[in-house]
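The values are calculated or read from the model by the stated rules, or taken from the named source; none is laboratory data. Source: prediction; values computed, not measured. We place every Cβ from the backbone using ideal geometry, glycine too, and count neighbours over all the protein chains shown.
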Amino acid sequence: MSGYLDERAKSVELEYAIRCDSDYLGKTIFKSFCLNILGLKYSSLEIPLSKAGDGFIGDARVDLKGAILNVEIKFSHLHPHKTGGDNWAFTRVVETKKRRTKSQFDLVFCAGLLTRDPSKPDYYQQRKSLEAERGRKRLDLDAKPHEKSFLALCAFFILPYREIREMNVNDLRPYLRSFQRKRYARFYSRGNDFNQCQSIWNDAFREAVRARRFAKPLSKVASTRKEFVSSLSYA
């Protein structure tokens, strides 16, 4: 059965899934990342559905043995650029549309999909370029966003708040051809490399600890920061 409006989609369900709101899609991917890669429990995650955030700092809270980690979530499809290269666009990271500074979060979780926006005319043409990788990297191009296999269709940048502020940027636009030369490349991983995903999470988390950006005092969890970090390592 094909899609309802998009006859090239494999099913109506998949058609809806890949075209849903980007905020909702980003939160779905973040939850899957936490459950399937970090091995966290459902009870440790708080992810409000509303865009207003229900009074949260950022888009989600992660409870790590009593310490609250505030996470800003960004999502982007690949965008073609006039120079011929593709890039992701993670916009308004630290400031709102009206240029108001957001409340200080701990980490920004950027999920970039390896395909372009399904509403774009070249979506299926670009999607075919991933077909060659299907066997080599075990990509499931028909996976739904909540499924573990969908993570392999993503690229992740997980940066501590201080890193974003030191770069003095509000929009993060990694270009496929050149982002490896940027300072934030050390916080990058493909979604099918679980070990690297855990590593960049741990690195960003440790920097967040050093910056002391938690909503609750670390002393309630562990007597020293070193003890706290080592107790929460996922690598």
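Key figures for this structure:
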read-out: Unmet criterion (only one of (1) aliphatic (A, V, I, L, M); (2) within 14 Å of Ser119 (Cβ to Cβ); (3) touching a residue at least 12 places away in the same chain (Cβ under 8 Å)) for Leu5; value: (3)
read-out: Conditions (1) of a type outside the set (Gly, Ala, Ser); (2) surrounded by fewer than 14 Cβ atoms within 10 Å (Cβ to Cβ); (3) without any contact (Cβ under 8 Å) to a residue 60 or more places away in the chain; number of the one not met by Phe75; value: (2)
read-out: Residue check for Ile164: part of a helix (DSSP H, G or I), of a type in the set (A, V, I, L, M) and touching a residue at least 40 places away in the same chain (Cβ under 8 Å); value: yes
read-out: Given (1) at pLDDT 85 or above; (2) surrounded by 13 or more Cβ atoms within 10 Å (Cβ to Cβ); (3) not basic (Lys, Arg), number of the condition Ser178 does not satisfy; value: (2)
read-out: Ser11, sole failed condition from (1) under 26 Å from Ala152 (Cβ atoms); (2) at pLDDT below 85; (3) touching a Pro at 6+ places or on another chain (Cβ under 8 Å); value: (3)
read-out: Number of positions in region 184-235 that are at pLDDT 90 or above and outside any loop (DSSP other than H, G, I, E, B); value: 18
read-out: Residue within region 70-82 that is under 18 Å from Ala152 (Cα atoms), touching a His at 6+ places or on another chain (Cβ under 9 Å), of a type in the set (A, V, I, L, M, F, W, C) and not in a helix (DSSP H, G or I) present; value: no
read-out: Residue within region 40-50 that is in contact (Cβ under 8 Å) with a residue 60 or more places away in the chain and surrounded by fewer than 21 Cβ atoms within 10 Å (Cβ to Cβ) present; value: no
read-out: One residue from Asn70, Asn36 being on the phi < 0 side of the Ramachandran plot and out of contact with any Asp or Glu (no Cβ under 6 Å at 6 or more places or on another chain); value: Asn36
read-out: Some residue of region 160-169 being under 22 Å from Asp86 (Cβ atoms), touching a helix residue (DSSP H, G or I) at 6+ places or on another chain (Cβ under 7 Å) and of a type in the set (Val, Ile, Thr); value: no
read-out: Unmet criterion (only one of (1) touching a Ser or Thr at 6+ places or on another chain (Cβ under 8 Å); (2) modelled with pLDDT under 90) for Ala89; value: (2)
read-out: Enumeration of residues in region 87-108 that are touching a residue at least 40 places away in the same chain (Cβ under 8 Å), closer than 16 Å to Asp171 by Cβ and not in a loop (DSSP other than H, G, I, E, B); value: Asn87, Trp88, Phe90, Glu95, Val108
read-out: Among residues of region 14-33, those that are in contact with an Asp or Glu (Cβ under 9 Å, 6 or more places away or on another chain), modelled with pLDDT under 80 and either part of a loop (DSSP other than H, G, I, E, B) or not hydrophobic (A, V, I, L, M, F, W, C) (or both), counted; value: 2
read-out: Long-range neighbours under 7 Å by Cβ, at least six apart or interchain, first residue within 14 Å of Leu151 (Cβ to Cβ) within region 180-197, second charged (D, E, K, R); value: Asn192/Lys137
read-out: Residue in region 1-39 that is surrounded by the fewest Cβ atoms within 10 Å (Cβ to Cβ), counting only those that are of a type in the set (Asp, Glu) and either touching a strand residue (DSSP E or B) at 6+ places or on another chain (Cβ under 9 Å) or more than 18 Å from Lys74 (Cα to Cα) (or both); value: Glu7
